[in-house]
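The values are calculated or read from the model by the stated rules, or taken from the named source; none is laboratory data. In this text, all values refer to a predicted model and were calculated from it rather than measured experimentally. We work out accessible area using only protein heavy atoms, side chains counted, and drop any ligands, DNA or RNA first. Shrake-Rupley method; radii C 1.70, N 1.55, O 1.52, S 1.80 Å.
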Amino acid sequence: MDSASGGGAPESNTGAGSSSAPPASGSAPSQQQPPESSSPAPPSRYESQKRRDWNTFLQYLKNHKPPLTLARCSGAHVIEFLKYLDQFGKTKVHMSGCPYFGHPNPPAPCACPLKQAWGSLDALIGRLRAAYEENGGRPESNPFGARAVRIYLREVREGQAKARGIPYEKKKRKRPAPAVTAAAVSVAASAAATATAGGGVGEGGGGGGEVARNAAAPTTTV
């Protein structure tokens, strides 16, 4: 009997304890975790492409015979790199002896080589020029900004324009619309006020209108 009664006591105590325990929802606010910090934004498409181009150029220097270091790289080596990339090009550039030379839409295929388009090379040099300086290079010694590289790109542009019959036109900069100066606005406002005031003075009204026309005339040419 004692053992039976003793065995029943813990069950009643446990039940009483569970019934008097506060609901789980009451303790929830104290267990809230701070919000996780937002992850950094992924790099843009331009930054990703720039990183890939930079790694490709460094690998080219490493495989160069003899191997080259970045410090010894010159504009001539950059031109060699651009010519090396021609083997991966997808742009048909007709040779001078090809019957489709200068034809923008050749009617049949030919044996002329595929090369890198001038626009692709120009954009590539821009990214590599920025990557060079971002990786510790000095602007004055940047091989991607060398004069020889600029001349080579210009020759490629002119040569491909003739071979493909597609001239590369320079983008014309749009001139901003002339802004109306504060002085012109104030003159026009004062002239309008003079015209309004002079309108009720009989003959003075005509003079006021003439002043307004003369003052407002320059603002139309701005």
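Residue-wise HN-Hα couplings along the stretch 121-128, as the Karplus relation 6.51 cos²θ - 1.76 cosθ + 1.60 with θ = phi - 60° gives them from phi, are 5, 5, 5, 4, 5, x, 5, 5 Hz; Gly and Pro carry x. Cα-based radius of gyration for the stretch 35-131, normalised by 2.2 N^0.38 Å, reads 1.48. Measuring only protein heavy atoms, the 1.4 Å probe finds residue 83 accessible over about 120 Å². Take residue 155: with every protein chain present and a 1.4 Å probe, its accessible area is about 110 Å².
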